[in-house]
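See structure below.
The values are calculated or read from the model by the stated rules, or taken from the named source; none is laboratory data. Model, not experiment: these values are computed from the prediction. Positions of Cβ are generated from backbone atoms using ideal geometry, with glycine treated the same way; all protein chains shown enter the neighbour counts. Quick note on the areas: whole protein, heavy atoms, side chains included, nothing else; ligands and nucleic acids left out. Shrake-Rupley method; radii C 1.70, N 1.55, O 1.52, S 1.80 Å.
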Amino acid sequence: MKPHAIVLSAFISVSISQPPLSAAGQSSEVSSLLSPHSYLKWMQDSLPDVPEWTAWQKSTGELPPDFSKLPKSNLLPDPLRFFDGTIVGSSPEDWSKRRSELKRLFEKYVTGTFPPKPLISGVVALDETRGDRYTVRNVRVEFGSQHKGSVRVRVVIPDGAHGEKLPVIVSPNLAGWGAAAIRRGYIHAGYAGNDGMDDAAQLKELYPSYDFAALPRRAWLAQLVIDYLATLPQVDTLRIAINGYSRDGKMAIIAAAFDERIAAVLAGSTGVGGVVPWRLAGERGGGEGIETTTRSFPSWFVPRLRYFAGQEDRLPVDANLLLALVAPRAALLQWGYTDQVANGWAMEQAYHSAQKVYERLGQPERMGLLAIPGFHGSNDVEASLDWLDWQLGRSTKKWVNRFIFPWNFEQWRAASGEKISLAEYPQQEISAPMAGSQAEWSAKAPELRSAIRWMLGEAPPRLAQNAPPAMRGMRLEYGPTEVGKGAIGNPGQLSPDVSAWVIAAGGASYGWLSPEKDRVASRRIRFGGVTGDLYYPADTPEGAKLPTVIWLHGFHYPLGYMWVYRRDLHPILALTRAGYAVLAYDQSGFGTRWSEAAPFYDRFPRWSRMGKMLEDLHEAVSALQKDTLVDAGQIGTYGFAMGGTLALYAAALDERISCVVSIAGFTPMRTDAAEGGMSGMTRYSHLYGLIPRLGLFAGSERHLPYDYDDLMALIAPRPLLIVQPQRDRDASPAHVRSSVSRAREVYVHVNAAANLSLQEPDDYGRLTNATQDKAIEWMKQKLN
């Protein structure tokens, strides 16, 4: 059958035919987009200008790296493989070589190069005072030729018992943890190494031949503080720890990685550039990434890091390797459950990866995890000191790590007893026609839906509930509220609530912008045990019924349906501006519902978290159909990343969904092999733990009983828009295009060819204003 032309609303001109693929799983057309000169041109045209970075690029003339020569991996790089792919041997010499290689790679791509450590040339006593059983001493430590370098240090020394040497906690500010430290028997050494008092700023001029950036300069300065501490008779030099929070936490982990005299590091909510991997955060995670970090804080890291915006899969290093550099010494990773800077799931992935090194070095209990309630700023100093006491041999109370996302596919398979016989799942020919006729497709569709439901697992029985009228998706008794104008904010899922907190914080960092934010109202809606928020234009006439969109967020672990470090208008506001009502809620295991992830498979071993998400979405549609504000026949979904995947599954199984937008939502599973450098077909089984049964087909992808072309075809004839960015690191645009072509065969059979569209913006996997505007423009033609 001659293929039909796909309906395209593309940002760049594309061909219907599938181009050849490179060894990395990318089409040749995408590979050409990544050539150094063309990539630089794209950056200049598409990314916000950063004057400091632009000046650096022009002065140095440095081009982006040749990405084709850098290994592609959307999963974390293996700490026990050299850059060339060679496995690190078991001898101490082998790890020493790998450690040296990692330090060189970090200096090239992240920190900049460090100068050799100079000798201390003098110590100037500024003042000394006595307190109640402690002494405070302020000094200026000078170093380098002619005493040109210096760092201010404040040491608080508790009176020791019987002249014993005491452990030390180093903080990047003078006060630091001093108050708590001395009560627990630690010497505290605070130094001027943060935004408020930065003695590292001078280092740029003192060492012009070295390009170490602002946070690495502060980390480098810590070694001079340790040199000074080594001169104090009260200091136990084998038990020196360093702490830092947020950007100071990034500094602390860098300091510990490069100075092996540091016995322990306490890294609080570091975000990316610290113990949150670049690969697993960013725009897909609804948080900060390379683009936003290097734009908002261009001095923090070496400028060439910005070249990897959207190409994090090509970055030779990541947070797990920074932790590996600390091994076998102690490291504590601390964050808040709804910490907008941290990403607990990503941090736990870094932990698991680095743990291989700790185990290789015979120290499997040296890394700790500490998650506590709250947003960025949540920090339990006393609990952190409990962990440090145990690590430094001052306490016998063993620290127990509590994982928030304790998923392990192999453990699930063993516990559940799940297995398949590949003989029951014939290998699929991916180039074969979807169906020869409408009748043939009508016969095939029920079998596909049955296979999808099996893959999603066995949902437990659900007792029908007769909710009171106020809880049936109707307007609640307290009525509509202007968002952000109430005393505690609306919505209010927590106190303070995540979304209300974001709305109150507002501003460019969250995409909650004026004038749109001042023109929206919202109210609470409850369905199937889930609390959501229905947003709508504040000037909606009484009695009006609006087309309604369900916003399905990406891998936004901390903030659920909100996002952070994004200056693009939030989708909720973009959609309400266009005249839609928008239902938003946190998916199970994300945002305010983080606690649902850990016990899920203990409770429901034969179900799936994606199945739970689909159940919630089904209940959401039911509630919306009863809502007086909603046009029950015009309910669509608008999903990004994970939400884009969820949108396709939901519409394939629920015909009440009348319109679907899936943005950066998938790459075909049968061609998503591990060697392609993406997250692999097992991303939803092994990595995220959302559809475990998919993992039973690992290595036998062609035996999968369905793929995304089937999901799309099952949505026919309803309107469906696929948005696939051309530079998406976790998808093959060519394979997505081919998948859409196959699904379109069914749309043609049902005389709905115009209802399937593909947009291919020249961008990476993110949701910009331009991408949103094009998608919403399409929606206006289909859902109105």
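Kindly evaluate S442 against the criterion of being modelled with pLDDT under 95 and part of a loop (DSSP other than H, G, I, E, B).
No: the conditions fail for S442.
Please return the ranges of helices (runs of 4 or more DSSP H) entirely within the range 597-684 where 1 or more residues are in contact with a His (Cβ under 8 Å, 6 or more places away or on another chain) and either open to solvent by 10 Å² or more (accessible area, probe 1.4 Å) or of a type outside the set (S, T, N, Q) (or both). Give the derivation first.
Values: elements: 600-603, 609-626, 642-653.
Answer list for the range 597-684: 642-653.
Being open to solvent by 70 Å² or more (accessible area, probe 1.4 Å) and without any contact (Cβ under 8 Å) to a residue 12 or more places away in the chain is the filter here, so list the residues in the range 415-428 that pass it.
A423, E424, listed by residue number.
When you go through (1) open to solvent by less than 10 Å² (accessible area, probe 1.4 Å); (2) under 15 Å from N408 (Cα atoms); (3) of a type in the set (S, T, Y) one by one for Y688, which number turns out not to apply?
The single condition Y688 does not satisfy is (1).
Look through D199, D195, D236 and report the one residue that is within 18 Å of F143 (Cα to Cα), of a type in the set (D, E) and either open to solvent by 10 Å² or more (accessible area, probe 1.4 Å) or in contact with a Ser or Thr (Cβ under 8 Å, 6 or more places away or on another chain) (or both).
Result of the check over D199, D195, D236: D199.
Return yes when L76 is at pLDDT 95 or above and in a loop (DSSP other than H, G, I, E, B) and no when it is not.
Numbers: at pLDDT 95 or above: yes; in a loop (DSSP other than H, G, I, E, B): yes.
Spelling it out, L76 is indeed at pLDDT 95 or above and in a loop (DSSP other than H, G, I, E, B).
With the checklist (1) of a type outside the set (D, E); (2) closer than 14 Å to V155 by Cβ; (3) open to solvent by less than 10 Å² (accessible area, probe 1.4 Å) in hand, flag the one item P216 doesn't pass.
Exception for P216: condition (2).
Would you confirm whether any residue within the range 104-116 is among the small types (G, A, S), at pLDDT 95 or above and over 26 Å from A281 (Cβ atoms)?
First, the residues of the range 104-116 that are among the small types (G, A, S): 112.
So of that shortlist, the ones also at pLDDT 95 or above come out as 112.
Pick out the ones that are also over 26 Å from A281 (Cβ atoms) and you get none.
Checked the range 104-116: no residue is among the small types (G, A, S), at pLDDT 95 or above and over 26 Å from A281 (Cβ atoms).
Only residues in the range 321-345 that are of a type in the set (K, R) count as the first member; pair them with residues that are in a helix (DSSP H, G or I), Cβ under 8 angstrom, at least 6 apart or cross-chain, and list the lot.
So the pair list comes out as R329/A256.
Any residue at all in the range 46-55 that's in contact with a Leu (Cβ under 9 Å, 6 or more places away or on another chain) and either at pLDDT 95 or above or not in a loop (DSSP other than H, G, I, E, B) (or both)?
No, the range 46-55 has no match at all.
Quick check: is even one residue across the range 358-370 in contact with a helix residue (DSSP H, G or I) (Cβ under 6 Å, 6 or more places away or on another chain), hydroxyl-bearing (S, T, Y), touching a residue at least 12 places away in the same chain (Cβ under 8 Å) and crowded, with 22+ Cβ neighbours inside 10 Å?
no
Within 18 Å of A327 (Cα to Cα), aliphatic (A, V, I, L, M) and over 17 Å from the mean Cα position of the chain (by Cα): which single residue out of I253, I226 fits that description?
Values: I226 fails: within 18 Å of A327 (Cα to Cα).
It is I253.
Anything in the range 708-724 that is touching an Asp or Glu at 6+ places or on another chain (Cβ under 6 Å) and open to solvent by 10 Å² or more (accessible area, probe 1.4 Å)? List them, or say none.
Hits for the range 708-724: nothing passes.
Across the range 568-619, which residue is nearest to S514 (Cα to Cα) among those that are touching a Ser or Thr at 6+ places or on another chain (Cβ under 8 Å) and among the acidic types (D, E)?
In this case the residue turns out to be D568.
Please go through (1) at pLDDT 95 or above; (2) open to solvent by less than 50 Å² (accessible area, probe 1.4 Å); (3) out of contact with any helix residue (DSSP H, G or I) (no Cβ under 8 Å at 6 or more places or on another chain); (4) not basic (K, R) for L385 and return the number of the only condition it doesn't satisfy.
Answer for L385: the failing condition is (3).
Look through the range 725-765, keep the residues that are closer than 17 Å to M779 by Cβ and not in a strand (DSSP E or B), and return whichever of them is most open to solvent (accessible area, probe 1.4 Å). Break it down stepwise before answering.
So the first thing to find is which residues in the range 725-765 are closer than 17 Å to M779 by Cβ, and the list is 752, 754-759, 761.
Checking which are not in a strand (DSSP E or B) leaves us with 752, 754-755, 761.
Numbers: A752: 9, A754: 65, N755: 38, P761: 2 Å².
By that ranking, first place goes to A754.
Out of L206, L232, L266, I need the residue that is aliphatic (A, V, I, L, M) and closer than 25 Å to S100 by Cα. Which one?
On the way: L206 fails: closer than 25 Å to S100 by Cα; L232 fails: closer than 25 Å to S100 by Cα.
Unique residue meeting the criteria: L266.
Which one of A257, A264, A252 is surrounded by 24 or more Cβ atoms within 10 Å (Cβ to Cβ), in contact with a helix residue (DSSP H, G or I) (Cβ under 6 Å, 6 or more places away or on another chain) and at pLDDT 95 or above?
A257
Would you pick out the residues in the range 297-318 that are in a helix (DSSP H, G or I) and not charged (D, E, K, R)?
Across the range 297-318, the qualifying residues are P303, L305, Y307, F308.
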